[in-house]
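Engineer: Quick one: structure below, then a few questions.
The values are calculated or read from the model by the stated rules, or taken from the named source; none is laboratory data. What you see is a predicted model; the values in this text were computed from it and never measured. Using ideal geometry, Cβ is built from the backbone for each residue, glycine included, and neighbour counts are taken over all protein chains shown. Just the protein is used for accessible areas: all its heavy atoms, side chains included, with ligands, DNA and RNA removed. Shrake-Rupley method; radii C 1.70, N 1.55, O 1.52, S 1.80 Å.
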Amino acid sequence: AQRVTQPEKLLSVFKGAPVELKCNYSYSGSPELFWYVQYSRQRLQLLLRHISRESIKGFTADLNKGETSFHLKKPFAQEEDSAMYYCALRGGSGGYQKVTFGTGTKLQVIP
Amino acid sequence: DAGVIQSPRHEVTEMGQEVTLRCKPISGHDYLFWYRQTMMRGLELLIYFNNNVPIDDSGMPEDRFSAKMPNASFSTLKIQPSEPRDSAVYFCASSLANSPLHFGNGTRLTVT
């Protein structure tokens with residue numbers, strides 16, 4: 001069965017420092033990977049998806065099939081980046097539209 | 001569009017009571033998902049529907065949980081009887097095929 005692993009529950013960085021939120025997955029087919037973000041008191045929203053290959057709010061993520069990873073990166077953290085981040089995978093047992101999430105990483109940017 | 005609408009926002013109930021959570025998806029979306037969010041387990045998929053038909057309910061914890069989608073604009077998640085370990089935030093999300101999920105604001109359930 002498909003699985004998404006986010007090893008860090010909490011990541012604290014100083015403002016201006018680089019950020020890397022880790023995500024690894026297990027899936028036998030060709031996955032579609034996403035990052036969702038939940039800011040304080042707001043609903044979960046899409047940050048980016050791997051097929052778009054775009055940068056949103058300075059964040060990028062590259063799908064590495066060899067390492068089965070989809071890490072989220074930003075060169076310089078901002079205070080407004082503090083939020084909960086979830087990596088997600090579409091596909092697998094239960095139908096291709098099934099979206100499985102990791103346990104999430106709370107990013108705390110220290111001023 | 002108001003987005004995905006969930007009600008109630010907060011629910012506090014006593015153990016053993018029945019709880020019903022409600023969701024109105026975005027008009028035109030043909031997929032609807034129910035997730036449970038806890039600190040320990042993150043976002044767990046409970047069940048999802050396509051065109052009002054349940055496709056995968058393997059995440060439903062036990063027989064106390066049931067979900068229905070009587071029409072394209074309404075879904076319910078029911079817990080009967082509720083237990084303290086059911087306390088969590090329950091999210092509903094909807095989407096089109098192969099498109100990102102759109103989430104509601106969630107229902108925070110507390111079972112005492």
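Engineer: Within the range B:56-79, does at least one residue satisfy the condition of being in contact (Cβ under 8 Å) with a residue 60 or more places away in the chain and within 27 Å of A:I51 (Cα to Cα)?
Structural biologist: Looking through the range B:56-79, none of the residues is in contact (Cβ under 8 Å) with a residue 60 or more places away in the chain and within 27 Å of A:I51 (Cα to Cα).
Engineer: Same structure, new question: Test of understanding: among A:S12, A:S26, A:S40, A:S82, which residue is at pLDDT below 95 and over 21 Å from B:R36 (Cβ atoms)?
Structural biologist: A:S26
Engineer: To continue, here is another question. Report, ordered by the first and then the second residue, all pairs with beta carbons closer than 6 Å, sequence separation of six or more or different chains, a first member in the range A:36-57 that is in contact (Cβ under 8 Å) with a residue 40 or more places away in the chain, and a second member that is surrounded by 14 or more Cβ atoms within 10 Å (Cβ to Cβ) and assigned to a loop (DSSP other than H, G, I, E, B).
Structural biologist: Sorted first by the residue in the range A:36-57, then by its partner, the pairs are A:Y36/A:L44; A:Q38/A:L44.
Engineer: Okay, next question. Condition first: in a strand (DSSP E or B) and surrounded by fewer than 22 Cβ atoms within 10 Å (Cβ to Cβ). Can you find one or more residues in the range B:85-93 that meet it?
Structural biologist: Yes, the range B:85-93 contains a residue that is in a strand (DSSP E or B) and surrounded by fewer than 22 Cβ atoms within 10 Å (Cβ to Cβ).
Engineer: May I ask you to list the residues in the range A:90-111 that are among the aliphatic types (A, V, I, L, M) and at pLDDT below 95?
Structural biologist: A:V99
Engineer: Check A:R41 against each of (1) open to solvent by 10 Å² or more (accessible area, probe 1.4 Å); (2) under 16 Å from A:V4 (Cα atoms); (3) within 14 Å of chain B (Cβ to nearest Cβ) and name the one condition it does not meet.
Structural biologist: Exception for A:R41: condition (2).
Engineer: If you check B:V19, B:V53, B:V4, which single one turns out to be at pLDDT 95 or above, open to solvent by 20 Å² or more (accessible area, probe 1.4 Å) and of a type in the set (A, V, I, L, M)?
Structural biologist: Selected residue: B:V53, the only one of B:V19, B:V53, B:V4 that is at pLDDT 95 or above, open to solvent by 20 Å² or more (accessible area, probe 1.4 Å) and of a type in the set (A, V, I, L, M).
Engineer: Does the range A:36-84 hold any residues that are hydroxyl-bearing (S, T, Y) and in a loop (DSSP other than H, G, I, E, B), and which are they?
Structural biologist: Listed by number, the residues that qualify are A:Y39, A:S40, A:S52, A:S55, A:T68, A:S82.
Engineer: Considering A:V4, A:V37, A:V109, A:V19, which residue is farther than 25 Å from B:H29 by Cα and out of contact with any Lys or Arg (no Cβ under 6 Å at 6 or more places or on another chain)?
Structural biologist: Going through A:V4, A:V37, A:V109, A:V19 in turn, the sole match is A:V4.
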